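Reviewing the structure listed below.
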Amino acid sequence: TKVVLANSPIACAVRHGAAKPDISTTEGLRSAFLTARKVAYSDSASGEYIEGKLMKKLDIAQQMQGKAAKIPATPVGEIIAHGEADFGCQQRSELMPVKGIDIVGLLPPEVQLKTEFSAALVRDAGQPEAGRALLRFLASPANAAAIEATGLEPASTPLQH
């Protein structure tokens, strides 16, 4: 009964009022990483991707050693807002509520990683019809605006029975 409710794209941010690098291309993103004094990324799925794959795809892993930091527990946006890093990346939904930063944009499509948020009924659900109705409601196109307002992207898959 798994249904995808939303996808969470990775975005990048700078301190409020700072110049926003053009990250619309992979070359622009690469340049933003390399010209930043310090880069922050989360210790969650997005940070694992940035550290383990993105920096290699951009061919900057070696140049970022000592300059990029995985941030445990604290939202990346707070690190940027406090001036501890001047550029950082995390899920857009995690950056949006942070005061003191400006979101630059999403990672370019060719290097973007979206985290899927899904829901499902367990095999022995006590009220399977009510559960299916809830999943249909949550995945409904009528909820797209609410999902987008949180920084997520609506996505739906057919309910499986």
Subject >> Single condition GLY66 does not satisfy, out of (1) outside any helix (DSSP H, G or I); (2) modelled with pLDDT of 95 or more; (3) open to solvent by 10 Å² or more (accessible area, probe 1.4 Å); (4) not polar (S, T, N, Q) >> reply: (2)
Original post:
Out of LEU138, LEU106, LEU113, which single residue is more than 28 Å from LYS53 (Cα to Cα), open to solvent by 30 Å² or more (accessible area, probe 1.4 Å) and either in contact (Cβ under 8 Å) with a residue 60 or more places away in the chain or touching a Phe, Trp or Tyr at 6+ places or on another chain (Cβ under 6 Å) (or both)?
Top reply: LEU138
**OP:** Name the one entry in ALA85, ALA144 that is at pLDDT below 95 and not hydroxyl-bearing (Ser, Thr, Tyr).
**Re:** ALA144
**OP:** Could you check GLU48 against (1) surrounded by fewer than 16 Cβ atoms within 10 Å (Cβ to Cβ); (2) under 18 Å from the mean Cα position of the chain (by Cα); (3) of a type outside the set (Ser, Thr, Tyr); (4) in a loop (DSSP other than H, G, I, E, B) and say which number it fails?
**Re:** (4)
Original post:
Which one of the conditions (1) polar (S, T, N, Q); (2) assigned to a loop (DSSP other than H, G, I, E, B); (3) touching a residue at least 24 places away in the same chain (Cβ under 8 Å) does GLN90 fail to meet, given that it meets all the rest?
Top reply: (2)
Original post:
Any chance segment 56-63 includes a residue that's closer than 20 Å to GLU153 by Cβ and modelled with pLDDT of 95 or more?
Top reply: no
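The values are calculated or read from the model by the stated rules, or taken from the named source; none is laboratory data. These figures come from a predicted structure and were not determined experimentally. Note: ideal-geometry Cβ built from the backbone for every residue, glycine included; neighbour counts use all protein chains shown. Surface accessibility is based on the protein's heavy atoms, side chains included, excluding ligands, DNA and RNA. Shrake-Rupley method; radii C 1.70, N 1.55, O 1.52, S 1.80 Å.
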